[in-house]
Structure formats: C-alpha cells, structure tokens
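Working notes for the structure below.
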Amino acid sequence: MIPNITVGDRMAGLMIYLAGPGRANEHEEPHLVAGDSALLAWHDDNELNRDAALDIANALDRARQFYKTEVDGGHVFHCSLSLAAEEGQLTDGQWGAIATDFMKDMDFTGDGGKAPARWVAVRHGLSKNGNDHIHIVASMVRDDGTKWNGWKSKYKSQQAARALEKKYGLNELGAVRAERGYTPAEQAKAARQGLPEVERHSLARTVRTCAAAATDEAEFVRRARQEGLLVRPRYAAGRTDVVTGYSVAERPRKGERAVWFGGNSLGRDLALPKLRAVWESTPETATEAVAEWNAAARNRRPVKPGKETLQPSVGLWEKYAHDVSALRERLAATPHTDHAAWAQAARETAAAFGAWSRRIEPTPGPLADAARELAKSAQLRRYPNRRPVGLPSARGASMILLAATSKSERAAYALLFRQLAQTARAIHDMHKATDDLRRVRGLSAAVIAASKAVEASAATQTTTTRAVTMESLRQQHPEASEEALRARLIAERSRGGGPPIPPPLTTAEKVLQQAGATRSDEPNRNHHPNPGIER
C-alpha cells in the first residue's frame, strides 16, 4: 500500500475535486468510508455531489475558522492510500478500518491524548491505472485550535502503511520479498481472451520450470523452446558471442503480435545472472549456450539436443523424492533469516509444482496457483553478494515431471508430491514464524487445493484403469515366463491401489522390461505437446 501526502490551503477545492468526475472521468460514485462521526452520520455512504462536498469542507475547516489558526504551508492534509492493481479491490468496510487505523497512527484522532482533528476518507472507484484507493482529507488544526505536528509525516506514513499491510494481509512493500506486478493492459488482455491468468504469470512459471530442470544454459534454451516459448537473447553491445540477458514470449494468436518479457521483468529470480548461478559453467558449456541462443534468435533447430530429449528411468522417481525429502530436512535447521537459502528452496519447489501443472492440468489450475505462491517466496528485493548455503536440490523433480509422459508411475509420483507438499509446508511455517500473514494464507490455501487436484487425478486414473489379470498378461507377453508374469502382476496391482511407494523391481521384472514389455496406458499429450522447434 502506497501513501502519498500533499499539503494545501484549499479545503473546498479539494473536496469538490474528489466529489467530481475527475480529470479523466474516472471518479465513480464518490462516497465516505470513514472519518468524523458527525459527518459519517449525516452523509452515510450516499453518493457525494458539489453541495455535499462544500458542506463537508466547511465542517472540516470549522476549528481553523473559529480559532483563526494559521498553519505555514497550508492547513489541508491530503493523503491517498493506493493498492497495486493486481491486489484487486477491498470493501468499503476494509478501507474504513484501514483509514481509521492510519489516522490513529498519524495522531489525528484523540487516542494519543490530544484533541482530535476532523477528517474524512473518500472512495470513488479505481484510478485510470486500475488501482483501488482512497483519499483522506483532514484539517491540520485540532478541535481546540492547536496545530497537528507534521514533522516527519511522510516517514511516519510509510511506517504506518507497513504495519497496516501486515495487519490486513496486503502486499508488504517493505518486506524482504517482492513479486513483479502486472499492468492493467495485461489484465484486460487476459479477460478479453478468456485466459485464467495474465501472460506474465504463465511465462514466469514455464521459464522457472525450464531453468530448474536444466543442468546448463544451453539446455535451458532448448527446454524453453521445447515448451513452446519464443526465445531471443540480448547480446552485449557490438557482440554476438556474449549474451547478457534474454526475453521470452508466448506464441501470438493469429493477427496479433508477440509480447516479449525480459527475464527480470518476469521475476526477480529469473534474470539471467541469477539463473546462471546454479548451472554448470565451463568454457565448453558457455560455447554451447551461445550456439543455442544464436539458433533461437534465428528460429533454427537446436544445435545439439541433450537431456531434455531423454525419458527418465523408473528409479529416478524415488531418487528425486528422496532429494526433496533431504531438502525439507535441511530446511528444518535453516535460520529464518537466511533469506537466500529459503528463496532457493522456494524457487525449486515452485518449479516442480509448475512442471506438475504442465503434466496434469489442461489449463492453469490449483497446481499453477501453488507454483505462483511459492514463486513469491523465491523473489528477494535484494540478493546477498555471497552464495547461499548449500542445500540439497529439488531441481530433479522438475526434470522428471517435464520429461515423464506415462501415467503408470502413479504410486511413485504420489510419493514425490507428498515430499514437495511437505517442503511447501516448511516454507509456509517459515513465513508463519516471521509473521508474514499474507504468504501464510496464500501458501496454505494453494497447497491444500493442489493436493486435492492431485488426489482427484490419481482417483480418475485408478477408476479408468482396467483390472490386470494373469490371462491378460499372458496375451500381452507370450514370450515371458510365469515367474516374470507374476512379478508383473504384483507390480501393476500395487500401482493401481497400494501404498504410495513404488515397489522394487525383481530380477524377473527387469528381464521382462528388457524383453520389450509394453505398458497398459499410453501417454497423454493433450496438454504437454512437443512442438516442432523450427518455426
């Protein structure tokens, strides 16, 4: 919440402006939401007009007129309290409570033992940039004729705003973490196209997921293109062999132009220098990266496809679930003041939820929401110069979820999800310990909704999978031995409804897989296409 204080000497002129149409006809239904009790009782929440504005101005000015008190620089206090466009709108009751607390903190009320000064809070809709806000107008002359002390008033207003953000669960502008916002134009575009989120958020989630799944910069470029993004590098001045940044865009609809976003504008953790800090870096990988950036800039095929084209083995599910569990255990001993370490954990966990969203959500849903809430914890306002304390990595989870195309590892990926959800809970508890109430509420609701989405997906798969029998297995694998078929039967049944731990493969099962056994369910590629890279 941003407070903006100005001082003047025309009480009537200010009130007439606030009750009028505004400079761009943006004022809609101006009315009072808080203020002097007598004025609130008289005007209630009725729409203000010029006569009402003059009446209110006279009432606010009464003490100065009676005592003939002069205030250097003006006696009219005007402060707007504004929210970012993406925070949405509050109710009149919420704004009224915020305005009352703000004026108490600014010592305009009688709570501090001094005579009160008269004031009102006016609300008249969104600004032209889509910001919900109110205007507070007050007399700097108290009811006993003494003057309100305006020393360091702007500093005090910022301190009051920070306290109110925490109390009312608003975006905390002075906090350690800060998410990138979006513009009203982006919001309008999403609404016009019927999209569930703005383009900036979907791009950020995909980029964060690809960055976490990649082991080096070249692989990141290839993965981003594989996920359908348009990618272009930003070169150093006069060079084509030194990349200093990048931009990405969604494929535009027919008749529209691509809208490009720089990495840093997507998220504070997505600037290229921040991404490079966790990748392998050698002269060879640097050369390969430049080649892939050049190919992306020229819209050509990848130069040297790598790990992003490989299918993960079954054993990796349990391995990466163990890695996530190790990360969670280390976080339990990580100080809450080690912001860099917590941001790293949140970034990798957000990436894994983002990969999961691409795997099972046809359109962004609860998993995408959980990824975004975690991403808010991954973005620091200021990053320390030192590298964060080494933590076990959850990046493998993003890799395996992006690469997996079969639903047959249902038990194994239930185990992986449980570990990721517990890691998200650790981040939730960190915010709770530091009284970051907005993050606590956001993460709690998002992870619960994501868990329900995964459970529903697993239940759907379980009910639609046909029962596996020895006879059906004999028909599918006529060359396999009875021992191998029995092992296969046990494994398939445990996947369908047993505990969420993948059963170990027996020697006979491994032989059966090597013999070319086929799975009973085919990949679902409706949401996770593999588009051609050459565009």
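Overall, the anisotropy analysis places the stretch 301-349 in the oblate class: the square-rooted eigenvalues a ≥ b ≥ c of its C-alpha gyration tensor yield a/c not less than 1.5, with a/b not exceeding b/c.
With K and R counted +1 and D and E -1, the other residues having a Cβ less than 15 Å from that of residue 332 yield a net charge of +1. Summing Lys and Arg as +1 and Asp and Glu as -1 over all other residues whose Cβ lies under 13 Å from the Cβ of residue 125 gives a net charge of -4.
Near residue 426: Cβ cut-off under 10 Å, other residues only, Lys/Arg at +1 and Asp/Glu at -1. The net charge is +1. Converting phi to 3J(HN,Hα) with the Karplus coefficients 6.51, -1.76 and 1.60 and the offset θ = phi - 60°, the stretch 434-444 yields 9, 6, 8, 5, 5, 5, 4, 5, x, 5, 4 Hz in sequence order, with x at every glycine or proline.
Find how many whole Å separate the alpha carbon centroid of the stretch 309-354 from the alpha carbon centroid of the stretch 284-299. Distance between centres, Cα-based: 28 Å. For the stretch 1-138, the Cβ-based charge dipole about the Cα centre amounts to some 480 debye (Lys, Arg positive; Asp, Glu negative; other atoms uncharged). Accessible surface area normalised per residue over the stretch 168-279 is 42 Å², counting heavy atoms of protein chains with a 1.4 Å rolling probe.
With no solvent and one equal point scatterer per Cα, compute the Debye intensity ratio I(q)/I(0) for the stretch 29-108 at 0.14, 0.23 Å⁻¹ and report its log10, rounded to two decimals. Those come out to -0.60, -1.34, one per q. The relative contact order of the stretch 66-140 comes to 46 percent, based on Cα pairs under 8 Å that sit 6 or more residues apart.
For the stretch 172-266, calculate the relative contact order in percent as a whole number, restricting contacts to Cα pairs under 8 Å that are 6 or more residues apart. In percent, rounded to a whole number, it is 19.
For the stretch 79-122 versus the stretch 138-164, the spacing of their alpha-carbon centroids is 11 Å.
The values are calculated or read from the model by the stated rules, or taken from the named source; none is laboratory data. For clarity, every value in this text was computed on a predicted model and none was experimentally measured. Every residue, glycine as well, gets a Cβ built from its backbone with ideal geometry; the counts of neighbours run over all protein chains shown. Just the protein is used for accessible areas: all its heavy atoms, side chains included, with ligands, DNA and RNA removed. Shrake-Rupley method; radii C 1.70, N 1.55, O 1.52, S 1.80 Å.
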